[in-house]
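Undergrad: My questions all concern the structure below.
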Amino acid sequence: MSACPLCAADGGEVLWRDDRLRVIAIADVDHPAFLRVVWQAHVAEMTDLDVADREHVMAAVWATESALRDCVRPDKVNLASFGNVVPHLHWHVIARWRDDPHFPNAVWGPRMRESARPPLPGLARDMRLRLAELLGPGDR
Ligand SMILES: [Zn+2]
């Protein structure tokens, strides 16, 4: 069993995957469209990847952002890559709304209000369809 949570498990509901990366949806009660693009292998930095693999990661991030905009029409999309807590390459792709609990702060920042965004029960289905259109069928 790996000590790394992103090596040990998918880390969320898988929306798209190939042999190099996966796109997952995180169950987050405050932020109903919180996605991550996770590199399959345990590397820490973008520059651990060769140029073709870096381009593949970013193509997946752009596709995820685009699919998110099409599927849930957020007020903003936040992109972030830290890896300070889990040093396994992953990008956060998070739909934001002006009335979400942390807006305009980062989702990890101070809470601004108690209001919660309603859940998005069709998100996984809609995102799977749109990601397959943008990235190809992927691996099941
Ligand atoms: Zn890992």
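Undergrad: Can ALA63 be described as farther than 20 Å from PRO137 by Cα, in contact with a strand residue (DSSP E or B) (Cβ under 9 Å, 6 or more places away or on another chain) and of a type in the set (A, V, I, L, M)? Full working, then the answer.
TA: Values: farther than 20 Å from PRO137 by Cα: no; in contact with a strand residue (DSSP E or B) (Cβ under 9 Å, 6 or more places away or on another chain): yes; of a type in the set (A, V, I, L, M): yes.
Against the criterion (farther than 20 Å from PRO137 by Cα, in contact with a strand residue (DSSP E or B) (Cβ under 9 Å, 6 or more places away or on another chain) and of a type in the set (A, V, I, L, M)), ALA63 does not qualify.
Undergrad: Let me ask you something else. Looking only at residues in the stretch 1-29 that are touching an Asp or Glu at 6+ places or on another chain (Cβ under 7 Å) and either among the polar types (S, T, N, Q) or within 30 Å of ASP99 (Cβ to Cβ) (or both), which one is farthest from the ligand (Cβ to nearest atom)?
TA: Out of the qualifying residues, it is ALA25.
Undergrad: Another question, then. How many residues does the stretch 12-28 hold that are in contact (Cβ under 8 Å) with a residue 40 or more places away in the chain and among the small types (Gly, Ala, Ser)?
TA: 1
Undergrad: Pick out, from the stretch 29-140, the strands (runs of 3 or more DSSP E) lying fully within it that include 1 or more residues that are surrounded by 14 or more Cβ atoms within 10 Å (Cβ to Cβ) and without any contact (Cβ under 8 Å) to a residue 24 or more places away in the chain. I'd like the intermediate steps shown before the answer.
TA: Details: elements: 34-39, 76-80, 90-96.
Fully inside the stretch 29-140 and qualifying: 76-80.
Undergrad: If you take the residues in the stretch 30-47 that are closer than 30 Å to MET112 by Cα and charged (D, E, K, R), which one is nearest to the ligand (Cβ to nearest atom)?
TA: Let us first name the residues in the stretch 30-47 that are closer than 30 Å to MET112 by Cα, namely 30-38.
Filter again for charged (D, E, K, R), leaving 30, 36.
Working: ASP30: 25, ARG36: 13 Å.
Only one residue fits best here, namely ARG36.
Undergrad: If you check GLU114 against the conditions, is it within 24 Å of ASP10 (Cβ to Cβ) and of a type in the set (Asp, Glu)?
TA: no
Coordinate-derived values only; no laboratory data. If you're wondering where the values come from, they're calculated on a predicted model, not measured in any experiment. Reconstructed Cβ throughout: ideal geometry from the backbone, glycine too, with neighbour counts over all protein chains shown.
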